[in-house]
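In what follows, a single structure is set out as structure tokens and then discussed.
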Amino acid sequence: MRALALAALAGLAALPVRAQAPARADTLRLTLDEAVARALAQGQEMRIARAQILDADGQVREAVADGLPKLTGTILYTRQFASIYQNLDSGPDTGVVGAFANIFKNSPFGAANTWNAQLQATQLIFDGGKFLAGLTGARAYHRAATEQAAQTAADVTLNVKTAYLNAVYASALVAVAEDNLAQARDQLHQVTLFHDAGTRSDYDLLQARVDAANQEPDVIQARSGLEVAILALKRLVNVPADEPLTLATPVSPVEGTVPVVADTALGVADPPQVDAAEAGVTVQEAAVKVAEGDRWPTLTVGSTFSEEAFPQQFSPFGADYLRNWNAEIRVSIPIFQGFKTVGSIQRARAGLEEARAQRDQVRAQTALDLVQARGDVDRTFSLLSARRQTVNEAGRALHLATVRYGNGLSTRLEVSDARLARRQAEVNAVSATRDYLVALARLEHAAGHPLNLMQRALNDSSSQTSASAEGMQP
């Protein structure tokens, strides 16, 4: 949402901005869009989401494998240390007994060494629909993981935008606090000159010193808040805590304008989590079919090809191999499983009902979030317009109070009150700007798609409210 990046400080264009020291060579400069892109590429949340997609890919492959032919090769060596047939030819009679000995020494019964090379193939023919249901469920799980990753990306985007705007807000508070400190010191210098000339009392000088001193803790607090906000942003965008970071989002070139929603209607909220919940229902429907498939017989066909040798020595090379090849058809009929199948079906149906309830809950919540987000945009826009007007009026009041005090027509207390009122107005304007831009980001998150934004003057609040009213129509 590039308009947000261009207008992150639109409402602050008229405020004094403190001078920036030259950035270090290793300082990382990030705009709002770059911060979002970095978080999506390197953030821990997205790494977890991508790993879940890989896991879903593996489950789909496993489900497909259940319906494909299985081919297994086996090489088996058996060493027989003792056998009841090994002493048949040890006696003096080498007739029938000797003949049996010659037979058994080249068989698995009497051979000392046995080598068996086997190749076995099996194919599932029928399993009561469990294979197709499992494949459907695995694909639905993959779809759910993909949609959940998209939802995670939307959440990360919102969190980064919020953190970035909070850092901009904290930076603006520092500028306001430093500017107020500078003005208080200038006022102290002026009062000191008046005092030395004998036109101001000791009380006025003391009060000016107190006013200037009171501004210093505000500067320290604002700088501390900025440091915390920057650290929070660094964590989201995967930047080391000790690496210098500069917020490079430019000030809007058009003063007095902010981005507003240009769409006349947002439509129904369609965030990725809704599709993920729908895919979760499909997964549970497949689980029910898999559980019900355990009631049906399973039909498989297979074939085994093997060659076996019984060498006198350990080595299998040069031995005479005997071939064996067979095929089988196997039908497994579940007659009684101790009510295990009934329990599995019951659990699967309970999971399906839970998934459907969660889907309906997500749909209702997303619709509510969209209404609330739209209302927050309208509320913060109106508040921002009022806050900016208050800044102008407070600035004018401070100017008049300063002039009146310089001409001896007012007291030092009036100037202090005017400065405090202007400082509070500036802080409120900074906060309102941040709140409005965050509200736009939340509206985009709730809508589930990018917003069509346009620049509009702050005092043009009627069009924003009108667009909001039209956008909430069914």
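The values are calculated or read from the model by the stated rules, or taken from the named source; none is laboratory data. A quick note: this is a predicted structure, and the numbers were derived from the prediction, not measured. Using ideal geometry, Cβ is built from the backbone for each residue, glycine included, and neighbour counts are taken over all protein chains shown.
Some values worked out for this structure:
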{"read-out": "Enumeration of residues in the range 1-56 that are modelled with pLDDT under 50, surrounded by 14 or more Cβ atoms within 10 Å (Cβ to Cβ) and within 21 Å of Gly448 (Cα to Cα)", "value": "Met1, Ala3, Leu4, Ala5"}
{"read-out": "Output for the range 406-427, where each listed residue is at negative phi and not in a helix (DSSP H, G or I)", "value": "Asn407, Leu409, Ser410, Thr411"}
{"read-out": "Among the residues listed as Asp204, Asp155, the single one being surrounded by fewer than 20 Cβ atoms within 10 Å (Cβ to Cβ), in the same structural domain as His449 (by TED's automatic domain parsing) and modelled with pLDDT of 80 or more", "value": "Asp155"}
{"read-out": "Selection from the range 332-377 of residues that are in a helix (DSSP H, G or I) and farther than 30 Å from Glu147 by Cβ", "value": "Lys340, Thr341, Val342, Gly343"}
{"read-out": "Pair list, Cβ < 7 Å and 6+ apart or interchain, from the range 98-119 residues that are farther than 19 Å from Asn326 by Cβ to residues that are modelled with pLDDT under 70 and among the charged types (D, E, K, R)", "value": "Gly98/Asp89; Ala101/Asp89; Ala111/Lys105"}
{"read-out": "In the range 125-169, the residues that are within 30 Å of Glu328 (Cβ to Cβ) and among the charged types (D, E, K, R)", "value": "Asp127, Lys130"}
{"read-out": "Meets criteria (buried (at least 17 other Cβ atoms within 10 Å of the Cβ) and part of a loop (DSSP other than H, G, I, E, B)) for Pro311", "value": "yes"}
{"read-out": "Among the residues listed as Leu420, Leu458, Leu398, Leu453, the single one being out of contact with any helix residue (DSSP H, G or I) (no Cβ under 7 Å at 6 or more places or on another chain), assigned by TED's automatic domain parsing to the domain that holds Ala277 and at pLDDT below 85", "value": "Leu420"}
{"read-out": "Residue within the range 100-115 that is modelled with pLDDT under 95, part of a helix (DSSP H, G or I), farther than 22 Å from Arg330 by Cα and among the small types (Gly, Ala, Ser) present", "value": "yes"}
{"read-out": "Filter result for Ala172 (in the same structural domain as Asp275 (by TED's automatic domain parsing), buried (at least 21 other Cβ atoms within 10 Å of the Cβ) and under 26 Å from Lys234 (Cβ atoms))", "value": "yes"}
